[in-house]
């Protein structure tokens, strides 16, 4: 089979899975929907491996393979082909997406076991993976936009999966609306590029771009900035990030899949894919880098004070995606993609661990009610520690290598990039603190009642199921979570999935040790062949310094977290009181929701109300609609008056009329 | 005899019928007057048929008679229905279809 055939197979399996589950959800017995969904993604992963092996058999100069299935439309200069591009970057992405997704599908079989929407869940999940694979395999802008929009729609479906929870449906709508803002940016950005290159095909665009654009020309900068809008909306970067924490309303495996491992990385992929264009638009690159750096720092501060365990991880995701966006924007493509991969492992692992502890708490997500689960949930605890160490960048865990490499390349750019470099290390320090704050609060301290029960062998079961966000009472029918909760200690599929990811979180960093193996840099080189920023670094001193600084910051962050939340919990209380304004700022998420509300939502609502009151009511309703009905009414009143109902009157009119016509013709002759 | 006389009689019969339709109020009489009008027309058709010396006009007259028979059938049926429902037998009273 050729390489591109493998690419098409990668798309085919999840699509088939979606169709089979969606059309057969009534007849599929038991848990078979989960098995079908998981094996579909597993097969996609195998096909991705096939694509990898087959791609490596080509010589490095010929590793960008495009294939078109059919031509959808060819009109007015737009050639809309259903085409994929299989190159090292897209193969790298499909491996991560299908690999992590198959583990998450496996985990979901147990996690959603009691849920009444089991088959629906797997249909959505397979559709999501299909959309994401379509996005990364797309060979032209058109298919990219299709995949981009599908991902947004699928994430709406999954966030609102428990559709009887009003908080969940609202979060889904919010995510969808913000993603559509990004979609609009992507489409408009594509237009700016297309206007000059006259092609939608990626390879043709990248070949033409250096010839038709001057570096820093207005149109290319505008195009790249608009593409960046798409990227930051999908990747939850400031200021379009507010949907991500709210999206934690979805089931926990969904958070692991969409909001950690795959969907939010689409923005990073987009910038890496469009690197040829971005390098012609330095202003857009710089904007991306600054947005990434600001996001990684702000999200870190917010994560410090969140009490919902899933939201802590969500803000940490924002922060880590900030590193990646910054990385691919300053030219650290391999490092950014490498961090994307390691992050997918440890973040999915952390979310799965969070799912397990939420199961042990019978759906409760607040860190304030968790404590001392270390003995009750030993496996989950181990996973959390591995994920936490990887996230904090402690050697030899995977996050250590990838994050430092991004910052190394940032530092090497020199000039004002040193500010980004410093911000990155400040973010790393915060990361260690908030990660271990979460772990220490959930697993150390005195065991809570639920933990004690679990130590005695009983899984806590809520008397009345409630919404963890609002405390509203719920039932366990379809549209709400099912009646039972699951913990990893008691479900083999969850343990298998978490073990695989834990191995990845420990070992994935070893594939690219600076100066030792550089596997990813070598593998991705064909995609970035023309980039002057790609070739690796020269400053060994900075490399060593960065690695040591990262380790020291990570360890001291953990030490501080240990001192504050394990040894002397009173410090946290005093600090919060002393620094009340700062605490409020962080706890209110830097008032971004309020800011967007004041700047966009309220003016739009006011404009809408004004338009209803004036234009709609006076012009449309009264003048246009009222005017035309008035004319019809008056006309029909006149005609109606003639209809007297007197038969003889009609007869007389008829006779007179005929007589009149006859006389007219008589007089004519 | 010239065609003029036939036409004059035909016109008088037609006008009598039309006047009857316009002034009489009983549905039965209105129907009778309609028959008068049709027969006035028939007379003219037959007269023209004679004048041209072919039978087309007479065929027309036969068709008109058939139509007239149908029309009377329906008309009388309606009159009977009106009578059965004890409605006034007066076209001026039966004016529910006004606009």
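The values are calculated or read from the model by the stated rules, or taken from the named source; none is laboratory data. All values reported here derive from a predicted model rather than from experimental measurement. Methodologically, a virtual Cβ is constructed for each residue, glycine included, from the backbone with ideal geometry; neighbour enumeration extends over all protein chains shown.
Things worth noting here:
- Answer residue from the stretch A:554-599, given it is farther than 18 Å from residue A:303 by Cβ and not in a helix (DSSP H, G or I) and is modelled with the highest pLDDT among those: A:568
- Output for the stretch A:38-71, where each listed residue is touching a residue at least 40 places away in the same chain (Cβ under 8 Å) and assigned to a strand (DSSP E or B): A:65, A:66, A:67, A:68, A:69
- Candidates A:424, A:399 - the one that is assigned to a helix (DSSP H, G or I) and farther than 16 Å from residue A:313 by Cα: A:424
- Which numbered condition residue A:666 misses (of (1) within 14 Å of chain B (Cβ to nearest Cβ); (2) more than 30 Å from residue B:91 (Cβ to Cβ); (3) touching a helix residue (DSSP H, G or I) at 6+ places or on another chain (Cβ under 7 Å)): (3)
- Taken together, A:63, A:31 contain a single residue that is in the same structural domain as residue A:129 (by TED's automatic domain parsing), touching a helix residue (DSSP H, G or I) at 6+ places or on another chain (Cβ under 8 Å) and more than 22 Å from residue A:85 (Cα to Cα), which is A:31.
- Odd one out for residue B:45 among (1) under 19 Å from the mean Cα position of the chain (by Cα); (2) within 20 Å of residue A:651 (Cα to Cα): (2)
- Subset tally (residues that are more than 9 Å from chain B (Cβ to nearest Cβ) and more than 21 Å from residue B:75 (Cβ to Cβ)) for the stretch A:638-657: 3
- Pairs, first assigned by TED's automatic domain parsing to the domain that holds residue A:400 in the stretch A:535-547, second modelled with pLDDT under 70 and not in a helix (DSSP H, G or I), C-beta under 7 Å, six or more apart: A:543/A:537
- Among the residues making up the stretch A:226-239, those that are modelled with pLDDT of 85 or more and either assigned to a loop (DSSP other than H, G, I, E, B) or more than 13 Å from residue A:596 (Cβ to Cβ) (or both) are A:226, A:227, A:228, A:229, A:230, A:231, A:232, A:234, A:235, A:236, A:237.
- Filtered residues of the stretch A:407-424 (kept if under 19 Å from residue A:544 (Cβ atoms) and exposed (fewer than 13 other Cβ atoms within 10 Å of the Cβ)): A:414, A:418
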